[in-house]
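In what follows, a structure is listed as structure tokens, so that the remarks can point back to it.
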Amino acid sequence: MLKRFRYQIAIFFAVMGPGLITANVDNDSGGIFTYSQAGAKYGYLPLWTLIPITLLLIVTQEMCSRMGAVTGKGLSDLIREEFGLRTTFFLMIALVLTNFLNVISEFAGIASSLELFHISRYISVPICAVAVWLLVVRGNYRSVEKVFLAACFLYVTYIFSAFLLKPDWKQAAIYSVKPILMFDTDYITMLIAMVGTSIAPWMQFYLQSAIVEKGITAKEYVQSRIEVVVGCILTDVVAFFIIVSCATAIWAHGPKDINDAADAAVALKPFGQYAYLLFSAGLFNASFFAACILPLSTVFTVCEGLGFESGVDKRFHEAPEFYWLYTLLVGLGAAVILWPNFPLVKVILASQVLNGVLLPFVLIYMVLLINKKGLMKEWTNSGAYNAVAWVSVAIMIGLTLTLALITVKQMMPQARAIPPSTSALVAQVQRLSNVKSYDSKRQAFKPNIHESRLAHLVRQAIGIGKFAD
Amino acid sequence: MADDFLFLTELLGLKVYDLKGRRLGLVKDAAIVPLIHPARVDRFLVGGGWAWLTVRHDQVRSLSLDGIYLKDEQLTPYHSDEYMLRLVRDLLDQQIIDGQGRKVVRVTDVTFKIQHEADGESLSIVDVDIGLRSVLRRLAQGVVPPRLIRKVQTLIAPHSIRWDHCSIIEADPQRRLRLNISNKILERMHPADLADIVEDLSPDDREAIFETMDSEVAAETLSEMEPDVQASILESLETEKAADIVEEMSPHEAADVLAELEEQTSEDILEEMEVEPKAEVEELLEYKENSAGGLMNTEYVALPENTTVAGAMEALQVHEEILESLNTLFLIDAGGQLKAAIPLARLFTAAGATPLLGLAPETLIQVDVDERQDRITELFDKYNLLTLPVIDAEGKLAGVITADEIISLLREK
């Protein structure tokens, strides 16, 4: 009996390849908080994004793994070979900055998960940073990877929780397929963050290297493709249940911003006293797991692209750039968290927005590369693939520009200077009614949602209680 | 003296002037023709209007940061030429093998020496630049004046590889011939180093290297690689070439590799092999991978049980090819039954007439062909063995397991 069980576990891990690892790392602290925030603040509204996100996620990850399998080279290698050093350099700078914020967000995840148990971040973060560094540099990371992977099953708690909370399934179903756009900074920011957290740019570099390292060739690629697709769907199934849980447990009682781990843990309240424990364990595992992979993957990508020696099997003096950059990423990433009153959750969310802003640029290079006949031979993209990719690029750049535009507009002095007087309030409400009529044409809002949303917007408009319900 | 060298980053964009000092265009690329000269820049490709022009090396009067001045205006339009290695297109940003540092590196820049000749000047490649200094040059190229870059870059330590230590990787065999690219540098390396390098390359490049390498070197290199990489390389090669390589491997390693391959491929390769190595390999293939039979090799020296020390010394002369790793002699009786295992060092302290049987340790440690892996490692550890004889069902010596096999085995875990 035990033997049989062991055998099954062995089979399971044998098929656990790069695709599933990537999928699981995808729901890191950034993922958990972004989805929680989406559900807590906008309820079921953002669910519609998950289908296009899944589609885009499958398309990007499939392209990466295909490129890895066919060329046997990493993404940054290919960009360097085909677009030269300067392009690579600036892309790497952008990637390092974005990933640095992501590293911070992983450590923020570690800090906030343990703060639920009143473990000070001044203790947890330094210890975890040193642990991550040693684990990776000493090369024992591989042996614990499977433990992390197994622990990813903690996400299942969200699925149970969602059912136990008895959400409004009808609404959830409707809003899963009904797109709703609002020209509101917070909403657009959140859309970008949701795309950015699901399809993080660093993940594409990581996945392609993992495929190459595993020695998967074009011939064996078909199995890998299945794995990648399954992984992508899994990621977003978890995302769906996180949003539904948060929508039911938090938003239904009034839209709310997630400010700390305790806020987000409410989504697991059917588990009663264990809610904190489950949330904390899940978040800690996800953050620590990603904190191991993310800085390492970043450094590999950069060193490959710029032609520096890399690898944990090298000695320090053989690969100084590699070790310095790695140590800096982990060290500074952890140190920033220790800044007094560092807003953990805000930075986590911001890092995901940055991911979303960088994504289209990485995508552009990917699509250009994968359409090169000389590189991919008969494995170039089909027309439909290119269409999805280019449309996504256009949408993401569009969203980013819109966000930039709105932000700039809000920063203009006159927009801020006017005190919330009666006239301003009237103007706001008028504007809101425009929103309403515009949306109702497309039948975007159900009246009940509309009311709470309206109330929320009015509160926002008069500038009070923005973060309170 | 400072003007005796030029970087590729500086060469690109240099202005080219005709006899009367009129500007013809800018340097877009430079090419060497390895069949004629391995390092000299043979052509400069100059772009002005719509088409590129070719400037031959003997048409240049002077060449410096200030520009290229010609002494001959008979320029021909540029046509793509298979014998040309274009530095920007084929070398810059690509991977090459550093034969001395024994690693794969990526070219960031190229350093030329300016050769002063009687009636003109030419460039020849001295170094291939990697590392931060050349990265800086590339980033500043065309933005910061070259002379300023030269000053600033002295702050960073240079990191370059001599051109004659570089080996270019070219996946297309036709082009490899035309460009006169050889694997000489690679073939001089230690197989273990070469294996590390090849493992770093993409499948196409691996295949390219193995196709052109001498079968013996290829076999040694392949033996040093991870089993899954071995398999993917052999699968990518022509069956005939793969068979040549497998023949050169020791039967035990050959059997291991073939066991990794898909059955059809493995049979095809066996089919192509010579009769003798084929029989040995096929025999070994019968055993289970993680049993004694799968671990053992058949490179041992077995002598009749009545052999004397002098007789053994004589017999060893014949087995010269395996002396390097030999540390035990085996004695067998007329029926092939294993009788004793004699540590080789014992022979040196004994008189020539001593029978070998007298030198044997009291206990003979041996295992059956189907003994389990962990039990074997245990024996090696317990008795501090260097070699362990393996016997078949009838008690005949079938092969030996050596300590290095056990080390690889334990490292895999």
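Converting phi to 3J(HN,Hα) with the Karplus coefficients 6.51, -1.76 and 1.60 and the offset θ = phi - 60°, the range B:196-207 yields 4, 4, 5, 5, 6, 8, 7, x, 4, 5, 4, 4 Hz in sequence order, with x at every glycine or proline.
Relative contact order for the range B:254-413 using alpha-carbon pairs under 8 Å, separation at least 6, rounded to a whole percent?
24 percent
Highest average first, the peptides A:353-359, A:363-369 ordered by how many other beta carbon atoms sit within 10 Å of their residues are A:353-359, A:363-369.
Estimated from helices alone, the mean residue ellipticity of the protein assembly as shown at 222 nm is -18000 deg cm²/dmol (sum of -39500 (n - 2.57) over DSSP H runs with n ≥ 4, per residue).
Taking a point 7 angstrom from the Cα of B:GLN337 along the C-beta vector, which residues in the range B:346-385 have backbone N less than 15 Å away? Of the residues in the range B:346-385, B:364 have backbone N under 15 Å from the label point off B:GLN337. Inter-chain Cβ neighbour count for A:80-89, averaged per residue, equals 4 (cutoff 10 Å, partner chain atoms only). In terms of other Cβ atoms within 10 Å, A:CYS64, A:CYS152 run from fewest to most in the order A:CYS152, A:CYS64. Among the residues of B:201-212, the average count of other protein chain beta-carbon atoms within 10 Å of the residue beta-carbon is 2.
How do A:MET182, A:MET396 line up, fewest other C-beta atoms within 10 Å first? Write down the numbers at each step before the final one.
Numbers: A:MET182 18, A:MET396 23.
Listing A:MET182, A:MET396 from fewest to most nearby Cβ atoms yields A:MET182, A:MET396.
Relative to the Cα centre, the charge distribution of chain B, modelled as +1 at Lys and Arg Cβ and -1 at Asp and Glu Cβ, gives a dipole magnitude of about 3840 debye. For the pair B:ASP392 and B:VAL143 in one chain, pulling the backbone fully straight at 0.36 nm per residue adds 82.2 nm over the alpha carbon distance. Multiplying the residue separation of B:GLU286 and B:HIS79 by 0.36 nm and removing their Cα-Cα distance gives an extension gain of 68.7 nm. With the contact rule set at Cα under 8 Å and sequence spacing of 6 or more, what percent relative contact order holds for chain B? Across chain B, relative contact order equals 9 percent. To the nearest 10 degrees, how steeply does helix B:403-412 sit against the main Cα axis of chain B, on a 0 to 90 scale? Taking the Cα atoms of chain B, the angle to B:403-412 is about 60 degrees. Counting, for every residue in B:127-139, the Cβ atoms of other protein chains within 10 Å of its Cβ and taking the mean gives 3. Put simply, the range B:2-163 fits an ellipsoid with semi-axes of 25, 19, 14 Å; these come from the alpha carbon gyration tensor as the roots of five times its eigenvalues, largest first. Rounded to the nearest Hz, the phi-derived 3J(HN,Hα) couplings of the range B:71-79 under the Karplus curve 6.51 cos²θ - 1.76 cosθ + 1.60 (θ = phi - 60°) are 10, 8, 9, 7, 8, 9, x, 7, 10, where x marks glycine and proline. Rounded to 0.05, the FRET efficiency of the B:ASP404 and A:ASP260 pair, given R0 = 51 Å and the Cβ-Cβ distance, is 0.35.
Of the Cα atoms belonging to the protein assembly as shown, the radius of gyration and Dmax stand at 33.5, 120 Å. Give the residues of the range B:285-320 whose amide nitrogen is closer than 18 Å to a point set 7 Å from the Cα of B:THR349 in the direction of its Cβ. Under cut-off, by backbone N: B:309-310. Based on C-alpha pairs under 8 angstrom that are at least 6 apart in sequence, the range A:18-417 has a relative contact order of 38 percent. Applying a threshold of 22 Å to the alpha-carbon distances of A:LYS73/B:LYS103; A:LYS73/A:LYS372; A:LYS41/A:LYS170; A:LYS41/A:LYS346; A:LYS219/B:LYS278; A:LYS166/A:LYS269 flags A:LYS219/B:LYS278 as lying beyond it.
Which parts of the range A:37-60 would a label at A:LEU405 reach, counting a residue when its backbone N lies under 14 Å from a point 7 Å out along Cα-to-Cβ? Once the point is set 7 Å along Cα→Cβ of A:LEU405, nothing inside the range A:37-60 turns out to lie under 14 Å by backbone N. Inter-label distance, A:TYR274 to A:PHE153: 1.4 nm, where each label sits 7 Å from its Cα along the C-beta direction.
If you bin all the Cα-Cα distances of the range B:302-412 at 5 Å, starting from zero, the percentages per bin are 2, 11, 21, 23, 21, 13, 7, 2, 0, 0. Counting 0.36 nm for each residue step from A:LYS314 to A:ALA94 and taking away their Cα separation leaves a gain of 76.6 nm.
Please give the per residue volume of the convex hull enclosing the alpha carbon atoms of the range B:168-210, rounded to a whole number of Å³.
Numbers: hull volume 2.6 nm³, N = 43.
In the range B:168-210, the Cα convex hull volume per residue is 60 Å³.
In summary, the lysines within cross-link reach of B:LYS20, defined as a Cα separation below 16 angstrom excluding same-chain residues under 8 places away, comprise B:LYS71.
Bear in mind these aren't lab numbers, they're just calculated from the coordinates by the rules spelled out. Please read all numbers here as calculations on a predicted model, not as lab measurements. Ideal geometry is used to build each Cβ from the backbone, glycine not excepted, and the neighbour counts take in all protein chains shown.
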